Structures are given as C-alpha cells and as structure tokens.
Amino acid sequence: EAGVTQSPRYAVLQEGQAVSFWCDPISGHDTLYWYQQPRDQGPQLLVYFRDEAVIDNSQLPSDRFSAVRPKGTNSTLKIQSAKQGDTATYLCASSFDWDQNTLYFGAGTRLSVL
Amino acid sequence: GDQVKQSPSALSLQEGTNSALRCNFSIATTTVQWFLQNPRGSLMNLFYLVPGTKENGRLKSTFNSKESYSTLHIRDAQLEDSGTYFCAAEESNYQLIWGSGTKLIIKP
C-alpha cells in the first residue's frame, strides 16, 4: 500500500511569491490534514477535510492561504503571497475513521521564504 | 498554557539503556497518539491509545486517563531510535493537540 505522497520536497521563494503544495493521501482515507511545522516545534494544524468538505480551517491564515480537496482524494495547499514567517515544513496526513483515526504522514515539503 | 506538556524536552542515552518519556494533559482527552519524527523529518505513528497499555517490540506505552498522563518506555535503545518523539491528545471535537516533543539522541 502506498503511503501519503507530497510534492515538491523543497521550495525556496522570495517574499511575495506564490507556491502550491500537493498531497495524495493513502487510498481510501476519508480525512486529510495539512499541518505547518516550524523548525524545532511540533506540527500545528492548518486545515482538515473529510472527503471534499472542509471541517476546520480556523487556523488557516485566510488572507494568503487556501486549501482544496475537490474530489475528496488529492489536495492542494496554496500560499498566495509568501512571507518569511511562513518558513516551515508543510506536512500532509491522512486517516480513516474506521482505523481509529490513526494519522499517517507524508514526507513533507520544506519551504524557505527569503 | 501548555495543554499537552512533554518531558523531558531533550534526552541523551547510551545505546542499550532504557528510558521513559512522559506527557501530561490539562485537557480532557479520550485517546493519545505517539509519533517519532526521524532526523530526516519523517513522522511515523508509533501508538494509538485508549486508556490502557500497548506494547510493540522494544516500545511500550501507557495512557492513564484518570491521572491525565501518558508514558512511552523505550527498552534497549538503538541508534535508529534517535529523533523527536511527539505525543498528541485527541479532544472531544476529534482534533489533535500536540506536545512540543522530546528530542532523543542515542549514542554508541
């Protein structure tokens, strides 16, 4: 069974540039999460979906960040105008309600905003 | 304040020794998950716990909901156990509240 796949693995931007991150969850997993992990800190939830519906995006900076999961499978997280404070690793995870909601993480995208 | 507090924040062990990591919760939680983030950054789920104890190889974890804590015991530590260990508590709305991690270094 393939794990959670994320791309790209790394991104380096100037402030003000846009970037998109892509996530392919484990097949059959209905819940998908996007986390932001600054260096030397724990993951912080940005948004999560059940199928195609956003369940909670209260921690997503809505002026610059957006996330979609249009068919309830793959998902894209976009930063419209990156700031230096966005420098972090962006992690995607998926889970299956019937599997006790155990989270499986992708390898992450390491973003540096200069 | 810290809703999920992990201790110690860092730990260095000789290969072959044992250790215990701890999480204390100040929120009501029904389940706890433990993760290991290896030095390359990959996060791996170690345990999903309801109140009680689970064991997997050299790892053993307990969740005591009445006293609001969880422990992770590592027996006979190996070099590949190095990394940062996170615990995360599930709130009533199914969201995970994460601790700040314990950075573990295993020395040969």
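General remarks:
- Among the residues of segment A:8-65, the one identified as under 11 Å from the mean Cα position of the chain (by Cα) and β-branched (V, I, T) is A:V47.
- Looking across B:F86, B:F63, one residue alone is in a strand (DSSP E or B) and facing another protein chain (nearest Cβ under 10 Å). It is B:F86.
- In segment B:33-48, the residues that are among the polar types (S, T, N, Q), within 7 Å of chain A (Cβ to nearest Cβ) and not in a strand (DSSP E or B): B:S42
Residues are listed down the side, and each one gets a yes or a no for (1) aliphatic (A, V, I, L, M); (2) part of a strand (DSSP E or B):
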{"site": "A:W34", "(1), (2)": "no, yes"}
{"site": "A:D40", "(1), (2)": "no, no"}
{"site": "A:V47", "(1), (2)": "yes, yes"}
{"site": "A:S81", "(1), (2)": "no, no"}
{"site": "A:L91", "(1), (2)": "yes, yes"}
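- Matching residues in segment A:84-114 - criterion: being surrounded by fewer than 19 Cβ atoms within 10 Å (Cβ to Cβ), at the interface with another protein chain (Cβ under 10 Å from one of its Cβ atoms) and of a type outside the set (D, E, K, R): A:Q100, A:N101, A:T102, A:A107
Here's the yes/no breakdown for (1) closer than 30 Å to A:I55 by Cβ; (2) open to solvent by 10 Å² or more (accessible area, probe 1.4 Å):
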{"position": "B:F63", "(1), (2)": "yes, no"}
{"position": "B:S68", "(1), (2)": "yes, yes"}
{"position": "B:I74", "(1), (2)": "no, no"}
{"position": "B:L79", "(1), (2)": "no, yes"}
{"position": "B:A89", "(1), (2)": "yes, no"}
{"position": "B:Q95", "(1), (2)": "yes, yes"}
{"position": "B:G99", "(1), (2)": "yes, no"}
{"position": "B:L104", "(1), (2)": "no, no"}
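- From A:G16, A:G28, residue being under 19 Å from A:N74 (Cβ atoms), of a type in the set (G, A, S), part of a loop (DSSP other than H, G, I, E, B) and more than 14 Å from chain B (Cβ to nearest Cβ): A:G28
- Against the conditions (1) surrounded by fewer than 21 Cβ atoms within 10 Å (Cβ to Cβ); (2) at pLDDT 95 or above, B:G41 satisfies every one except (2).
- Test: residue in segment A:72-83 that is open to solvent by 70 Å² or more (accessible area, probe 1.4 Å) and free of Cβ contacts under 8 Å to residues at least 40 places away in the same chain: no
- Filter result (part of a strand (DSSP E or B) and either farther than 11 Å from B:L72 by Cβ or within 14 Å of another protein chain (Cβ to nearest Cβ) (or both)) within segment B:22-32: B:C23, B:N24, B:F25, B:T31, B:V32
- Contact map, segment B:89-108: residues that are within 17 Å of B:S9 (Cα to Cα) and within 8 Å of chain A (Cβ to nearest Cβ) paired with residues that are open to solvent by less than 30 Å² (accessible area, probe 1.4 Å) and part of a loop (DSSP other than H, G, I, E, B), Cβ distance under 9 Å, separation 6+ or inter-chain. Pairs shown: B:W98/A:G42; B:W98/A:P43; B:G99/A:G42; B:S100/A:G42; B:G101/A:G42.
The values are calculated or read from the model by the stated rules, or taken from the named source; none is laboratory data. As the structure is a computational prediction, the values presented were derived from the model and not from experiment. Positions of Cβ are generated from backbone atoms using ideal geometry, with glycine treated the same way; all protein chains shown enter the neighbour counts. Each accessible area value is taken on the protein alone, full model and side chains, heavy atoms only, with ligands, DNA and RNA left out. Shrake-Rupley method; radii C 1.70, N 1.55, O 1.52, S 1.80 Å.
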